[in-house]
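Nothing in this text is a laboratory measurement; each read-out follows from the coordinates by a stated rule. The shown structure was predicted, so the numbers you read here are calculated from the model rather than taken from an experiment. Reconstructed Cβ throughout: ideal geometry from the backbone, glycine too, with neighbour counts over all protein chains shown.
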């Protein structure tokens, strides 16, 4: 009865904020386990748990030197964990930053700040990219175009050459011409302009990607996993036109379907309601 009374006395001291605090920690731990369960970090976590068990055993057995060494290790555990789990923590923070739950509310306040000139420039870049993709598809010319959205890609752009020019079919043709110095890299389109060319993209870490996909498609998937960019790929081997968005590859686009999909991804959130209705009546913004 004393034990039961002590338990009830503890429960009586619990407040709503304590329950919220416990649930928040539980969700955080669940998210971390879900993130690392299929990665090499699981083995590292098992090693840390093993050291923790060894520490308790050494403390119980009076092994002073071993317990002191392990205690020193755990005192610096925060820094050690950040170093060991740096890729996983970075991936978690990127996923939190790309969460669409709050983005739609931000866009409500930001969409009207985009000028008509910005919308026209983006539309022009979309049409130029679609026309170029059609030509490249017929001539089997490989291309990789990255349409930047909210997440800035200046660090990726710094690996290439800054262009900062208006888009055109001729410009894309010169950049991705087989003998051109910048044809092997990716081009970044920012605010309707060709911002940089010859950029190096990170490859995807997804082990389930089709083995028939080459480096160009893997790079497109990689940057779409690490940012909210929309990536246009033209296959050099097959001429197939594809889009990579959020780590997913959409394939077999025609010129018109490519324009519709790019406008859906890049412009729909920044058009007024009247403009959206007009575009939908034209058959736009449908997959």
Taking all pairs of distinct alpha-carbon atoms in segment 115-281, Kirkwood radius in angstrom: 15.8 Å
Ranked list, fewest to most other Cβ atoms within 10 Å of each Cβ, for 30, 172: 30, 172
Quick one: compute a quarter of the convex hull surface over the Cα atoms of segment 176-246 and quote it in nm². 5.1 nm²
Place the peptides 162-170, 144-152 in order of packing, highest mean first, counting for every residue the other Cβ atoms within 10 Å and averaging per peptide. 144-152, 162-170
Please report, in whole Å, how far the alpha carbons of segment 135-176 spread along each principal axis, starting with the longest. 32, 18, 16
For the residue pair residue 215 and residue 28, what label-to-label distance in nm results when each label sits 7 Å from Cα along the Cα-to-beta-carbon direction? 4.2 nm
Rank by packing, highest mean first: peptides 181-193, 218-230, with packing defined as the count of other Cβ atoms within 10 Å averaged across residues. 218-230, 181-193
If each of residue 203 and residue 165 carries a label point 7 Å out from its Cα toward its Cβ, how far apart are those two points in nm? 3.1 nm
On a C-alpha basis, how far is the centre of segment 231-255 from the centre of segment 121-186 in Å? Whole number, if you could? 14 Å
Give me the distance in nm between label points sitting 7 Å out from Cα along the Cα-to-Cβ direction at residue 177 and residue 238, one decimal. 2.9 nm
